[in-house]
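Following: one structure in C-alpha cells, then a few remarks.
The values are calculated or read from the model by the stated rules, or taken from the named source; none is laboratory data. Just so you know, these numbers come straight off a predicted model, no measurement behind them. Cβ placement follows ideal geometry from the backbone for every residue including glycine, while neighbour counts extend to all protein chains displayed. Ligands, DNA and RNA are stripped out before the accessible areas are found, and what is left, the full protein with its side chains, is counted by its heavy atoms. Shrake-Rupley method; radii C 1.70, N 1.55, O 1.52, S 1.80 Å.
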Amino acid sequence: MEIRPADSADAHGIAVVHVRAWQEAYRGLMPQSVLDELSIAEREAGWTRILADADRPSQTIVAERDGAIAGWASFGGARDAEAPGSGELWGIYAHPDAWSTGVGHALITAVESALRADGHETAYLWVLEGNERAARFYERHGWASDGARKVDHRPGLELHELRHVTRLG
C-alpha cells in the first residue's frame, strides 16, 4: 500500500470510496433515500474541481493498493473559529472492502504527521453521531470526544456531529 498526495487522476477513485463508504457507514444513521441517491459521477465532478484548485485550503492524500484507491483523507487548518491554530481532519474514508485492513490506520497516521509538520500541536475532527465504528477507530488512535456538538445542515438533511480532538506533540 502506498500513501501519496492525491492528484486530478484520482477523482474517480476517491468518488467511488466516498460514495461506497457513506452508503455502508451511514446506513441507519441517515435516510436510506439519501444514501441511495448518492452519485459517483457527481462526487467525481466535485473531486475534480477540488483537486484542480491550486488555492484550496486543504490537502488530500490517498491510500493506493494494487493500483486502486482504497481510501483517502483531507486535512488542513481549522475551519472552526473556536479552534484557531488547530489542524483539522476534514474527512477520512476507506472503501468498505478495505475496512480493518490497515488503510485507515495508514491514512490517519500520515495526516497526523503532516499536521504536526505544518506546526499544529492539536487537531480535531467531526464524527457523525451514532457512527460508533468510526468513533472507536478514532479513539484507538488517541482522538477523544471533548463534548462539542454541531449540526451540519445539508439539503433535506441535518447531520448531528460530535467533535474528537488529539494532541499531535
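How much FRET efficiency would the formula 1/(1 + (r/R0)^6) give for Asp66 and Arg140, where r is the Cβ-Cβ distance and R0 is 22 Å, rounded to 0.05? Rounded to the nearest 0.05, the efficiency is 0.30. Dividing the Cα radius of gyration of the stretch 17-58 by its Kirkwood radius returns 1.09 for Rg/Rh. Summed over all non-identical Cα pairs, the Kirkwood treatment of the chain gives a radius of 16.3 Å.
Solvent-accessible area of the stretch 1-140 (1.4 angstrom probe, protein heavy atoms only): carbon and sulfur portion equals 48 percent. The stretch 8-57 and the stretch 104-131 have Cα centres spaced 20 Å apart. Computed on the chain, with alpha-carbon pairs under 8 angstrom and 6+ residues apart, the relative contact order is 20 percent.
Between Arg149 and Thr122, the simple label model (points 7 Å from Cα in the Cβ direction) yields a spacing of 2.1 nm.
Pick out, in residue order, every one of the GluC sites (Glu not before Pro) in the stretch 1-55 that is DSSP loop and has at most 13 other C-beta atoms within 10 Å; say none if there are none. Taking the stretch 1-55 and a limit of 13 other Cβ atoms within 10 Å, the loop GluC sites (Glu not before Pro) found are Glu37. Look at the Cα gyration tensor of the stretch 92-154: its axes a ≥ b ≥ c give a/c of at least 1.5 with a/b at or below b/c, and that counts as oblate.
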